[in-house]
Amino acid sequence: MAFDDLPLDRPGSSEPPPPFESPEPERSSPVRFIVIGLVAVVAVGLLVFGWLNRSRPAAPESVETPPVETAAPPRPEAEPLTLPPLADSDTFVRDLVSALSNHPTIARLLARPAIVRSMTIGVVQIADGRTPTEWLQPLRPATRADITGDERGTITPETHARWNQVADAISSIPPRDAAQLYVNLKPLIEQAYEEIGRPDDDFDRTILRAAQVLRSTPEPSSPPVVVRRKGYFEYEDPSLQALRPVQKQLLLLGPENRRRLMAWIDAFLRELGLEPAA
């Protein structure tokens, strides 16, 4: 069954993730993520500088100057952390992520074992157009999806609103901090990537492919009509029904949640010095 409780694609269409042995959950240790306060100081300084500039009287004569392109922030450098073995990394990763966000949805996602392996496989599945059902299972809403009619209709606003907490959870993590965390953990991610048969590929490219799949999801000009089938829904529009499973799932989030999610992904890519998906 797909990520949602009533999938838009037929059950069994998603390929199962590659098997691996999940380590037993570990007890939390007092490891803390390194937060650099200088960034906040610089940000406040820039805000004050901008306010002072706005308060000055306008110059008597305006002088045209060529536009100045704002340089993208440099990619974070890996901090001097001693990484644990991949099989024993769950407690370490939980502590790092928990320092960035205490949102309960993030906590549920981190409660499952084999965090790095599950995340790595999940990103690969998205890049392949599949729904990462196993990885994102803790984010599944408690209520069922519904449509406005008995047999056919549009997805109800309440169905879209079920995903608000997911969008809130992702937005609770600053993209810059997420980029720093990714760079710090990349050796573990690359090791997990090799385990699933991708030893010669950089995981950065997989992240870009996953972002491109999500970004290429069409934005309907009006709420799409779906048809109720036994145990699932499908789009009445053949072009939407032909979308990849993860793209159908993205449409279920609703327009506002999709906008928030993609804006966060683009900001995350920029912080990594990667080209945002077009």
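Here are a few things to note about the model shown:
- Whichever residue in region 121-147 is modelled with pLDDT under 95 and of a type in the set (S, T, N, Q) and, among such residues, is nearest to GLU236 (Cα to Cα): THR131
- Of the set (1) of a type in the set (A, V, I, L, M, F, W, C); (2) outside any helix (DSSP H, G or I); (3) within 21 Å of ASP168 (Cβ to Cβ), all apply to VAL246 but (2).
- Residue within region 32-47 that is at pLDDT below 95, within 19 Å of ASN184 (Cβ to Cβ), hydrophobic (A, V, I, L, M, F, W, C) and in a helix (DSSP H, G or I) present: yes
- Any hit, region 175-182, residues being surrounded by fewer than 20 Cβ atoms within 10 Å (Cβ to Cβ) and in contact with a strand residue (DSSP E or B) (Cβ under 7 Å, 6 or more places away or on another chain): no
- When ARG258 is tested against (1) among the basic types (Lys, Arg); (2) modelled with pLDDT of 95 or more; (3) closer than 15 Å to VAL123 by Cβ, only condition (3) is not met.
- Scope region 204-220; condition of a type outside the set (A, V, I, L, M, F, W, C) and over 11 Å from ASP266 (Cα atoms); matching residues: ASP204, ARG205, THR206, ARG209, SER216, THR217, PRO218, GLU219, PRO220
- Of everything listed in (1) surrounded by 16 or more Cβ atoms within 10 Å (Cβ to Cβ); (2) part of a helix (DSSP H, G or I); (3) more than 14 Å from the chain's Cα centre (by Cα); (4) of a type outside the set (A, V, I, L, M, F, W, C), the single unmet condition for ARG130 is (2).
- Residue satisfying condition, being closer than 24 Å to LEU86 by Cβ, basic (Lys, Arg) and surrounded by fewer than 18 Cβ atoms within 10 Å (Cβ to Cβ), within set ARG229, ARG259, ARG198: ARG198
The values are calculated or read from the model by the stated rules, or taken from the named source; none is laboratory data. None of the values given here were measured: they were computed from a predicted structure. All Cβ positions, glycine included, derive from the backbone under ideal geometry; neighbour counts span all protein chains shown.
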